[in-house]
Amino acid sequence: MSDRSSLVGTELSRYTFTVERGKIRELALAIGDDNPVYTDPEYARSLGYKDVIAPPTFGTCIEFWGGSDFMELCRKLQLNPVQVLHGGQDYVYSGVIYPGDVIEAGSVLKKQLQKSKMSILVLETTYRNQNGDTVLTCRSTIIERGQA
């Protein structure tokens, strides 16, 4: 375990991702959500959207395809990758993500706690579209188990 308090507030990554219609469809199929708002533009328009919309956990796709890979994140946060657990993920939408949107994402280490033999880290990623509007904020909890 290492003290990462000096990293709190540090931007860990910044990247840009262009949302593809195919990625929206792939996620909807992968999670078994057959709601046509994710796949049928006419249906989405009938609900008042300008096109199909991204499913609720789409931020993970943006991060997976555009962000830092796991080993890079472990290096930046001084984590032992074999001791890392995913502790949770929260999504707060403040806008809609559409195909063609160019999303800029920035991840910051917001908090680091020591609990017994565990380090708990909270990362926050803010996703802004090409207009500069925040469309999504994602909070991830990472747990690094300590040595027994």
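Every number in this text was worked out from the coordinates using simple rules, so none of it is lab data. Keep in mind it's a predicted model, so treat the numbers as computed, not measured. Every residue, glycine among them, receives a Cβ derived from its backbone with ideal geometry; neighbour counts consider all protein chains shown.
Considering the Cα positions of the chain, please state its Rg to one decimal place and its Dmax as a whole number of Å.
17.1, 57
Only four residue types carry charge here, +1 at the Cβ of Lys and Arg and -1 at the Cβ of Asp and Glu. Report the dipole size of the range 3-56 about the Cα centre in Debye, rounded to the nearest 20.
Approximately 180 debye in magnitude.
Suppose each label sits 7 Å from its Cα in the direction of the beta carbon; what would the V82-F70 distance come out to in nanometres?
1.4 nm
Apply 1/(1 + (r/R0)^6) to the Cβ-Cβ distance of T10 and Q89, taking R0 = 22 Å, and write down the FRET efficiency to the nearest 0.05.
Plugging the Cβ-Cβ distance into 1/(1 + (r/R0)^6) gives 0.60.
Give me the Å³ per residue figure for the convex hull around the C-alpha atoms of the range 96-148.
80 Å³
Multiply the residue gap between E26 and L113 by 0.36 nm, knock off their C-alpha separation, and tell me the result in nm, one decimal place.
27.7 nm
Along the three principal axes, how long is the range 78-120 when you take its alpha carbons, biggest first, rounded to the nearest angstrom?
Computed over the range 78-120, the largest-to-smallest principal extents equal 44, 19, 15 Å.
List the aspartates and glutamates whose Cα sits under 16 Å from the Cα of K23, skipping any in the same chain fewer than 8 residues away.
Within reach: D33, D34, D40, D51, E63, D101.
Gap in Å between the Cα centre of the range 82-118 and the Cα centre of the range 7-22?
Taking the Cα centre of the range 82-118 as reference, the centre of the range 7-22 is 10 Å away.
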